[in-house]
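To start, the structure under review is shown below, and the notes come after it.
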Amino acid sequence: MKKVFKMRDLDCANCARKMEDAIRRIDGVADVQINFLLQKMVLTADDTHFDEIVEQAARVCRKIERHCVILR
Amino acid sequence: MTGKQKRTSARILLSAILFGTAIILPLQGNARLIVFILPYLIIGADVLWHALSGIAHAQIFDENFLMALATIGALCIGEYPEAVAVMLFYQVGEFFQDYAVNRSRQSIAALMDICPDSANLEKDGELFSVLPDAVNVGDIIVVKPGERIPLDGSIVTGSSSLNTAALTGEPLPRPVSAGDEVFSGSINETGLLRIQVSRPFADSTVSRILELVENASANKAKAEHFITRFARWYTPCVVGAALLVALIPPLCLRGDWQKWLYQALTFLVVSCPCALVISIPLSFFGGIGGASRRGILVKGGNYLEALADAETVVFDKTGTLTSGNFRVTEICPLLDITARDLLTYAALAEIYSDHPIARSLRDAAGELDRTRVDTVHEEAGLGVRAMVDGTPVAAGSRQLMDALCLTVDSFSENGSTAVHVAIDNQYAGYIIIADEPKPHTADTIAALRRLGIRRTVMLTGDRPARAAQIAASLGLDDYRAELLPHDKVACIESLLTEQTGGRLIFVGDGINDAPALSRADIGIAMGGLGTDAAIEAADLVIMDDSIAKVAEAIAIARRTRRIVRQNIIFALSVKGLVLLAGLVGAANMWFAVFADVGVALLAVVNAMRCLHTGHPASVEQKS
């Protein structure tokens, strides 16, 4: 499943890159693109665990940038 | 300014004042530390806090952590003013950088603000304001003057002029009236229009354009991939180097601990690759955005980058170089009559015909007197026979002449369409009708050559003689004639083998060129407005019919590439300079802060130049 999420308070481009790297390592993630300029994340991942994966991704993002929120 | 920005600017100001006071006060020892610590904490508290939480999450290459480490280090070795100044400059730089990035984001968003929020749906004689995606195919919507058309459709009643600048970059308004097809995103300038919706919102022109431009950032350019890979290694390497600089000279070369620690700390300040990570994608995004404002849709940074390397441009003839409008190019009377008379006779015979060829004959002949024509017989597919001034005249194909038992021997077919004329049952000559080159085609070819395109080639189904004539008149280097549609791909393939390192671009009208468009390095489809096939198959879509935009697109690509290179070289060389200075023990933390945030700021500002592509398409109306 491929879904687009809006992100809030993604303040640093290098962090967006780090988040991409980290989310890509989550099990079941086929592809992820974080667009710093549009503040958007396009996540392609396993259908069955999609919600869990999004939850994990949000945790990873918070780790890298504390304020950053994935809007769902 | 947002609330956050206001708070930050207040903190910067307060801290700067305290910092200035601290420098003036003639204090020593702990008192001196205290007056410097105060502005340091005011400006740096959030950085320190983020650094702490970064450590908790094992984010040791976090920007905040490195900045905190550098300044605390400076405090420890007694460089108090340095510590405060670094933090202060860092925050000022971040502040401006945020501001610049936000501005860029807004200008890009404004560019995409071509989508109306509501549609006026007409139901049972009343108007309802609804969301565009709530309107169904077949519904009637009303668009008032000054409003944007929300959905694609055709006009039921009303006439107006439309500004399609947001879609095509063409600022001249287009007159429309009942029956015409209109596209979402254009602005209705003068009259009230009732439109029957022909496509759901998700498939409308405006949605497709927006989707395409937004998705474009997923197709990353090589330069972007390079930066991503670079960023992954850069920070750890610089931090590692900092460690070595702090340890090796004091341990092995009996250097001064304090001095080399200071050098190492400057390394930490420049260890963030932010300038590159922000500005390179921003440049491509700006270039794509700027191009879309000119009616050129680019499907990704990779295509924009490749376009800058264009070496050969291959054009399809009909619909691309020529408009598909026929025109009289040659009149050859063989009997004892003037060219003028031959044309007039042919045009008179064809006076009631609706065929494009007949129309072009009449256009060339000018004013015609209908009363001279009598008893017209259309010979389907062959031509016409008529009485003109009481004399039988036949005009049409060679087969028509054959049917009249007339021999056409002095004529050699050269690929273009010929109208043969017989007057009084005698073969009188022929008139050549040809496809007319679009305006500015020759100029565009010349412009391409000025841009350094090595070779321009035309592909056509015409006979070689005619192809050579067109190629020569337009200034093309080469042509391939007598091609059937499926030959085009083979042609592209053979041309690809003749490349000398650059890219091959194919420009077609997208209707039957899909395979060629995808076989070429870059496929550019012309006249994308309303043709889905073109938008699907091509890498670049030129929304209107203007061939000049091929050259413009290449110019935009070149400019974007230039700006990207400037930013890469600028950022790397300034940071490199600081690192080099650090290695020989001459680094300065003030300069290091400039190399970090100052460079990022300048790179962002430079990147935004990509967005400015020539004259603005239109004065946007408030809708």
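Taken together, the values in this text are just the output of simple stated rules run on the coordinates, not laboratory data. What you see is a predicted model; the values in this text were computed from it and never measured. Every residue, glycine as well, gets a Cβ built from its backbone with ideal geometry; the counts of neighbours run over all protein chains shown.
Brief remarks on what is shown
- Cβ-to-Cβ counts within 10 Å put A:PHE36, B:PHE230 in ascending order as B:PHE230, A:PHE36, the fewest first.
- Against the main long axis of the alpha-carbon atoms of chain A, helix A:13-24 sits at an angle near 10°.
- Fraction of the pair-distance distribution of the protein assembly as shown above 49 Å, Cα-Cα pairs, percent: 34
- Hydrophobic long helices, here whole DSSP H runs in chain B with Kyte-Doolittle means of at least -1.0 and Cα atoms spread over 24 Å or more along the helix axis, are found at B:3-24, B:29-56, B:80-111, B:222-252, B:274-293, B:548-583.
- Folded to 0 to 90 degrees: helix A:50-64 orientation relative to chain A principal axis, Cα: 20
- From the Kirkwood radius over Cα pairs of the range B:1-43, Stokes-Einstein at 25 °C and 0.890 mPa s returns a whole-number translational diffusion coefficient of 224 µm²/s.
- Under the combined filter of DSSP loop state and at most 15 neighbouring Cβ atoms within 10 Å, the range B:431-507 retains these GluC sites (Glu not before Pro): B:GLU482, B:GLU498.
- Pairwise centroid distance, computed over Cα atoms, of the range B:288-308 with the range B:208-251, Å: 24
- Close amide-amide hydrogen proximity is noted between B:GLY169 and B:GLY295, each under 5 Å apart and 5 or more residues distant or on a separate chain (H modeled in the peptide plane; Pro and chain starts excluded).
- Per-residue mean of C-beta atoms belonging to partner chains within 10 Å, peptide A:33-44: 4
- Placing pseudo-labels 7 Å out from each Cα toward the beta carbon at B:ALA202 and B:GLU493 gives an inter-label distance of 3.8 nm.
- Cα-derived Rg to Rh of the range B:119-213, Kirkwood definition: 0.94
- Amide H contacts of A:MET7 (H built 1.01 Å from N, under 5 Å, at least 5 apart or other chain): A:LYS40, A:MET41, A:LEU71
- Under a 5 Å amide H cut-off, with hydrogens placed 1.01 Å from N, B:THR157 pairs with B:ARG194 among residues at least 5 apart or on other chains.
- 20 Å tail of the calculated P(r), the range B:346-449, as % of Cα pairs: 43
- Hydrodynamic radius of chain B by the Kirkwood approach over all distinct alpha-carbon pairs: 29.6 Å.
- 3J(HN,Hα) along the range B:421-438, derived from phi through the Karplus expression 6.51 cos²θ - 1.76 cosθ + 1.60 where θ = phi - 60°, amounts to 10, 10, 10, 6, 6, 10, 5, 10, x, 9, 10, 8, 10, 9, 5, 9, x, 5 Hz, with x in place of Gly and Pro.
- Rounded to 5, the percent of DSSP beta bridges in chain B classed as antiparallel: 75
- Put simply, the range B:173-331 fits an ellipsoid with semi-axes of 57, 21, 12 Å; these come from the alpha carbon gyration tensor as the roots of five times its eigenvalues, largest first.
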